[in-house]
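Notes to accompany the following structure.
The values are calculated or read from the model by the stated rules, or taken from the named source; none is laboratory data. Nothing here was measured: the structure is a model prediction, and the numbers come from that model. Backbone-built Cβ (ideal geometry, glycine too); neighbour counts: all protein chains shown. Keep in mind that these areas ignore ligands, DNA and RNA; they rest on the heavy atoms of the full protein, side chains included. Shrake-Rupley method; radii C 1.70, N 1.55, O 1.52, S 1.80 Å.
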Amino acid sequence: MTSTDTHAGTTTGATGNAAPSAVVPTRGARFTGAAANYIDERTSISGLVKEVGRKIFPDHWSFMLGEVALYSFVVILLSGTFLTFFFEASMVPVEYDGSYVPLKGIEMSAAMASSLDISFDIRGGLLMRQVHHWAALLFVASIGLHMLRVFFTGAYRKPREINWLIGFVLFILAMAEGFTGYSLPDDLLSGNGLRIIDGMVKGIPVAGTWVSYLLFGGEFPGTEIISRLYVLHILILPAILVAALGVHLLLLIINKHTQFAGPGKTNDNVVGAPIMPVFAAKAGGFFFIVFGVIVLIAATVTINPIWNYGPYDPSPVSAGTQPDWYIGFADGALRLVPPGLEFVIFGFTVSMNILIPLVGLGLFIAVVAFYPFIEAWMTGDKREHHIADRPRNAPTRTAIGAAGVTFYAVLWAAASSDLIATHFYVSIESVIHTLQALLFIAPVVAYQVTKRVCLALQKKDREIALHGFESGRIVRLPGGEYIEVHEQLDDYERWKLVSYNEYKPLMIRPDANGKISVLQRVRGGLSTWFFEDRISPVTSTDIERSHDSSH
Amino acid sequence: MAKSTSSTQKRRSGRRSPLASIALIVVGLLSTGGAYALFTTAATAETTVAHEQLTEEGSKLFAANCATCHGLDLAGTEAGPSLIGVGEASVEFQVATGRMPMAQSGPQAEEKPVQFTEEQIEALYTYVGAQAPGPGIPDEEYLAADGDAALGAELFRINCAMCHNVAGAGGALTEGKFAPSLTGVSAQHIYEAMVTGPQNMPVFNDENISPEDKANIITYLTYLDENPSPGGLSLGNLGPVSEGLFIWIFGLGAIVAITVWLTAKSN
């Protein structure tokens, strides 16, 4: 809108000087023109608007997932601000005297009591709590889906590796925000969650106990943790998150958005709508749609019924105690560790049942964070990529992604092993044992199946590009021969099927000393693994040849 | 003189004799006591007859439906546990919730449509209660759900929630066993379950949780049954797992549908 105003202002000036007889601008147009000029003379903002406002965003549904994350974050900020007006981050024991009958007269922390007051005695409080929590779940979920989109289209390749890393940091920060927020009401569920964190921290050799005492200000649960988590939750984590988000968006503008291949869409341009005014208007409208969906869910579906959980007390643990979905994979990892792995050395217990998940998940997360760099090294590809890959055109990458998703999904399922047992009438031991096996087998199967499916789809694309679709129309030629007429694709459709890069395994060459180092051999091996199975894109020669032969 | 003496003696030995009042008291006591005894005996005889009929019917039902596994002498067989000491409450709970007789062997007896009429159930538990005395049918005063819900909720969280979940939604146990959902379970059955410990449930006797506190727990569960979740749909009170599935399937599903719609090419 600012952009439109600026343009109106310049137009007014031009017409005023050059052609007084031209259409006299309306009062509104004169005002916006003057106002825009006033601001521009003092801030030189027109340069920025010119630069940013003309950024082009291509249109594809999957490109909007990051926006969903951004908008749910705005909803979280707004609803969270409301909650801070009434939440009391203190573990001072009070006697609850609010409206909820089954907790009346029960001793609880001020944090829990104020959360209950927000839920039952402050107008709109329960809606705001539920908006905040549902928006948080949607925030992390949309980040996850956004990351998957970026991964499977290869949109993290040069020059966007750093932005992938920043996005990854945002994902971790979102999970940290989620977990600290989950712990704040000081209800039974959140206390159980903190106890698990405490246990994991204490499982770290040597430093664990010290770190735990430092974090909780003494033995768990202490009287400090809620106020400390509150500061993390509303001050430092959001501050880092907003800063990282700013850099993420800045890099998005600097790098430009990727686009899918199509006629006229090349590696050197971006085809789509400019930010001003089309994209901005669409995005603004989309913000309200996302907001609306969140409020609709929050108004109709309960989330985190702290009144059921009751105040935190270290002794009871409810059946069906789980973390929010985004911490589920870590909970699942703890559940899948087989028993009896602890051992004692020099009088110290080494809790392998905690260390294995910690190290395993740490490695998994590290691979996710650094995957763009790993892939770039393996493929030796130093070109810039602005055309998003169709997942089938990078079979090995897609297969790696599918294996990673499967690994995560098995851990995720393990976090709900007890509910799987009760709802599908199976024993919890068999659920655990099945998932333990699947954790190792399923990613391999997913890798192989995905790779084969991708290659098959590529073959199909090649077939269609070369020979078109079978039309089902049988024609008898004068010589008596029957043929089926194939309908050829038009050039626009064919473009989408044939325009992708072909990669080949790296050729390993000796270095200056005439030797091939071990690292280079590994690299060559990995590159072969990555690109050995491939379907070459159809070239124009191929198409011409196929047309000649079919006629 | 001798005559007068004899007449006084005669008179003394007559109705004015000091023994007369004692005899009168004895007669009076005997007659009232006897009549009382007579009447009361008649009354007991009547109840005894009814009791005997119930027991007899119960005995037949037991022999036909239960004895295969629990044995005719209630001492159990290889297929089923002994019923010695289970009492009426246990039989009422197991049979009136449809758990007994079991449809098939399994990790635990599951709730299913009740197989007997109320009279038959009464006959069964009367029979078993007579043969194997134990906890009886609970008093009505503990089942009215008019106790302290807050105290009940606290006791529930401490004693019950680890298996049945804080909102009574149920949970998993080992080897395919599970703690069932408590939604819609009658006050009497909750009480009976606490005193008898059916399936894998521990017994919460009166020393452990007093009858008044049991009534408080029943009050809390009744409160949960009668008051819908203040936040809207409860999603089965299963906690973050159902919330996570909901946001991925319906929340993100709806959003993705909208993005596809927004970027769809106009025809």
Checklist entry - Looking at the range A:167-188, is at least one residue in contact with a Phe, Trp or Tyr (Cβ under 9 Å, 6 or more places away or on another chain), away from chain B (no Cβ under 11 Å) and of a type in the set (D, E, K, R)? => result yes
Checklist outcome for this item: If you go through B:GLU88, B:GLU154, the only one that is open to solvent by 40 Å² or more (accessible area, probe 1.4 Å), without any contact (Cβ under 8 Å) to a residue 12 or more places away in the chain, assigned to a helix (DSSP H, G or I) and closer than 20 Å to B:PRO202 by Cα is B:GLU154
Next on the checklist: When you scan the range A:126-138, do you find a residue that is among the aromatic types (Phe, Trp, Tyr), under 22 Å from B:VAL166 (Cα atoms), surrounded by 20 or more Cβ atoms within 10 Å (Cβ to Cβ) and within 14 Å of another protein chain (Cβ to nearest Cβ), even just one?
Outcome noted: yes
Item to check | Unmet criterion (only one of (1) within 12 Å of chain B (Cβ to nearest Cβ); (2) surrounded by fewer than 23 Cβ atoms within 10 Å (Cβ to Cβ); (3) more than 16 Å from A:ASN192 (Cβ to Cβ)) for A:ILE297 | outcome: (2)
Item to check | So A:PRO316, is it touching a helix residue (DSSP H, G or I) at 6+ places or on another chain (Cβ under 9 Å), in a loop (DSSP other than H, G, I, E, B), open to solvent by 50 Å² or more (accessible area, probe 1.4 Å) and farther than 20 Å from A:TRP134 by Cβ | outcome: no
Next on the checklist: Take A:ASP117 and tell me if it is without any contact (Cβ under 8 Å) to a residue 60 or more places away in the chain, away from chain B (no Cβ under 14 Å), in a helix (DSSP H, G or I) and of a type in the set (D, E, K, R).
Outcome noted: no
Next on the checklist: Being more than 14 Å from every other protein chain (Cβ to nearest Cβ), closer than 30 Å to A:HIS233 by Cα, among the hydroxyl-bearing types (Ser, Thr, Tyr) and open to solvent by less than 30 Å² (accessible area, probe 1.4 Å) is the requirement here; does A:SER79 meet it?
Outcome noted: yes
Next on the checklist: If I filter the range A:265-277 for residues that are assigned to a helix (DSSP H, G or I), crowded, with 18+ Cβ neighbours inside 10 Å and of a type outside the set (D, E, K, R), do I get at least one hit?
Outcome noted: yes
Item to check | Test: residue in the range A:239-248 that is assigned to a helix (DSSP H, G or I), surrounded by 14 or more Cβ atoms within 10 Å (Cβ to Cβ) and modelled with pLDDT under 95 | outcome: no
Next on the checklist: So in the range B:157-189, with the set limited to residues that are surrounded by fewer than 22 Cβ atoms within 10 Å (Cβ to Cβ) and β-branched (Val, Ile, Thr), which one is nearest to A:ASN192 (Cα to Cα)?
Outcome noted: B:ILE158
Checklist entry - So B:ALA215 fits all but one of (1) part of a helix (DSSP H, G or I); (2) among the hydrophobic types (A, V, I, L, M, F, W, C); (3) within 14 Å of another protein chain (Cβ to nearest Cβ); what number is the exception? => result (3)
Item to check | Matching residues, the range B:92-120, being more than 21 Å from B:GLY136 (Cα to Cα) and not aliphatic (A, V, I, L, M) | outcome: B:GLN104, B:SER105, B:GLY106, B:PRO107, B:GLN108, B:GLU110, B:GLU111, B:LYS112, B:PRO113, B:GLN115
Next on the checklist: So for the range B:219-236 (the condition being under 30 Å from A:ILE432 (Cα atoms), within 11 Å of another protein chain (Cβ to nearest Cβ) and surrounded by 18 or more Cβ atoms within 10 Å (Cβ to Cβ)), does at least one residue qualify?
Outcome noted: yes
Checklist entry - If you check A:ASP389 against the conditions, is it over 14 Å from A:ASN501 (Cβ atoms) and of a type in the set (Asp, Glu)? => result no
Checklist entry - Would you pick out the residues in the range B:239-251 that are open to solvent by less than 30 Å² (accessible area, probe 1.4 Å) and within 7 Å of another protein chain (Cβ to nearest Cβ)? => result B:GLY239, B:PRO240, B:GLU243, B:GLY244, B:ILE247, B:GLY251
Checklist entry - Do you know which residues across the range A:216-231 are in a helix (DSSP H, G or I) and either acidic (Asp, Glu) or open to solvent by less than 70 Å² (accessible area, probe 1.4 Å) (or both)? => result A:PHE216, A:ILE225, A:ILE226, A:SER227, A:LEU229, A:TYR230
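Mind telling me which of the residues A:VAL538, A:VAL518 ends up being farther than 13 Å from A:TRP377 by Cα, over 33 Å from the mean Cα position of the chain (by Cα) and at pLDDT 85 or above?
A:VAL518
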Next on the checklist: Among the listed residues A:PHE286, A:PHE279, A:PHE348, identify the single one that is in contact (Cβ under 8 Å) with a residue 24 or more places away in the chain, within 10 Å of another protein chain (Cβ to nearest Cβ) and farther than 30 Å from B:GLY239 by Cβ.
Outcome noted: A:PHE286
Checklist entry - Got at least one residue in the range B:168-175 being in contact with a Gly (Cβ under 9 Å, 6 or more places away or on another chain), more than 10 Å from every other protein chain (Cβ to nearest Cβ) and within 27 Å of A:PRO311 (Cβ to Cβ)? => result no
Checklist entry - In this structure, is A:GLU88 more than 8 Å from chain B (Cβ to nearest Cβ), open to solvent by 30 Å² or more (accessible area, probe 1.4 Å) and in contact with an Asp or Glu (Cβ under 7 Å, 6 or more places away or on another chain)? => result no
Checklist outcome for this item: Taking the range A:20-68 and the residues there that are among the aromatic types (Phe, Trp, Tyr) and without any contact (Cβ under 8 Å) to a residue 60 or more places away in the chain, the one that is farthest from A:GLY285 (Cα to Cα) would be A:TYR38
Checklist entry - Looking at B:ALA123, B:ALA144, B:ALA109, which one is among the small types (Gly, Ala, Ser) and open to solvent by 40 Å² or more (accessible area, probe 1.4 Å)? => result B:ALA144
Next on the checklist: Being open to solvent by 70 Å² or more (accessible area, probe 1.4 Å) and touching a residue at least 40 places away in the same chain (Cβ under 8 Å) is the filter here; which residues of the range A:505-549 pass it?
Outcome noted: A:TRP529, A:ARG534
Item to check | Test set (1) part of a strand (DSSP E or B); (2) β-branched (Val, Ile, Thr); (3) at pLDDT 90 or above - A:VAL367 fails condition number | outcome: (1)
